[in-house]
Amino acid sequence: MQQKNITEYGKEYEIKNHPDIKGVQIIEGKNNFPISWLNKQGYCEYQIYLENMKGIETPATPEMTHGSDIHNQLENIFKQEATPATFEDAVEASKETASMSRECFVVAPEYGIRGFIDEIWMKPEEIVIIDDKPGRTPYQSTMNQVRAYCLAFKDMTHDDRQIKAALRERGTDNLFWIEIFTPEVEKQIKFTIDRMHGLLDGSKPFIPTKNPNKCRSCRYKRYCEHYKRK
Ligand code: SF4
């Protein structure tokens, strides 16, 4: 597969930072959150409240640091070998010749989401959107994250090729979960994204997890009034 480093986009949007919520932008007049937050939401919505509404900062865990080291190494190797391309040209050219890109930015103002796809394979017959994760377990939260990338990509391109969402064990070629982005999956992820917007605009409450195991490993437990010890 050709390697394309996507460095430019044909479309530009009006972007402002949200005045009160760290990480939320207002794009084309609508709140827009990072797609990776769907992963946090699936773990515990209250983490988002503590980190992004209350502004609590905690040091990165060793797992996080290790994950981003691997990520950066792969990214640097890719950049040395890839050819620069615009997003639109890469999508169009892939209808004839397959290509792969890393760190592909996607944004969908209509749905209020944006983020970086770890790796995308654009082939003449299908698009495969891959998110790298530690371990081999497909959690609802990680599946939702990659589904939202699919939604954003579809919204940006209106491409009629089949889109697949995949999770890969970080640092390996092991795609341990793969799913076709069907209309049913699309409907379900839009519902989840709507819930996130409800949290951010204050119309829905941030619900803390009931799972004490999650609390035990949580970076915010020192600051959280809902911390469950057992
Ligand atoms: S301590 Fe528990 S309830 Fe509080 S933010 Fe962490 S996981 Fe959520």
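Of everything in the range 86-117 that is on the phi < 0 side of the Ramachandran plot and acidic (Asp, Glu), the residue that is surrounded by the fewest Cβ atoms within 10 Å (Cβ to Cβ) is 96.
Which condition from (1) within 16 Å of the ligand (Cβ to nearest atom); (2) within 24 Å of residue 109 (Cβ to Cβ); (3) in contact with an Asp or Glu (Cβ under 7 Å, 6 or more places away or on another chain) is the one that residue 141 breaks? Evaluating residue 141 over (1) within 16 Å of the ligand (Cβ to nearest atom); (2) within 24 Å of residue 109 (Cβ to Cβ); (3) in contact with an Asp or Glu (Cβ under 7 Å, 6 or more places away or on another chain) leaves (3) as the failure.
Search the range 50-85 for residues being of a type in the set (Val, Ile, Thr) and within 27 Å of residue 134 (Cα to Cα), and hand back the single one that is most open to solvent (accessible area, probe 1.4 Å). Ranking the qualifying residues of the range 50-85, first place goes to 77. Within the range 19-40, being more than 30 Å from residue 76 (Cα to Cα), of a type outside the set (Asp, Glu) and in contact (Cβ under 8 Å) with a residue 24 or more places away in the chain holds for 21, 30, 31. Based on what the data block shows, is residue 193 touching a residue at least 40 places away in the same chain (Cβ under 8 Å), assigned to a helix (DSSP H, G or I) and within 21 Å of residue 144 (Cα to Cα)? Yes. Among residues of the range 201-225 being among the hydroxyl-bearing types (Ser, Thr, Tyr) and in contact with a Lys or Arg (Cβ under 9 Å, 6 or more places away or on another chain), the one that is farthest from the ligand (Cβ to nearest atom) is 223. Among the conditions (1) within 16 Å of the ligand (Cβ to nearest atom); (2) farther than 27 Å from residue 140 by Cα, the only one that residue 86 does not satisfy is (1).
The values are calculated or read from the model by the stated rules, or taken from the named source; none is laboratory data. These figures come from a predicted structure and were not determined experimentally. FYI the Cβ positions are ideal-geometry reconstructions off the backbone, even for glycines, and counts take in every protein chain you see. The area values use the complete protein model at the heavy-atom level, side chains included, leaving out ligands, DNA and RNA. Shrake-Rupley method; radii C 1.70, N 1.55, O 1.52, S 1.80 Å.
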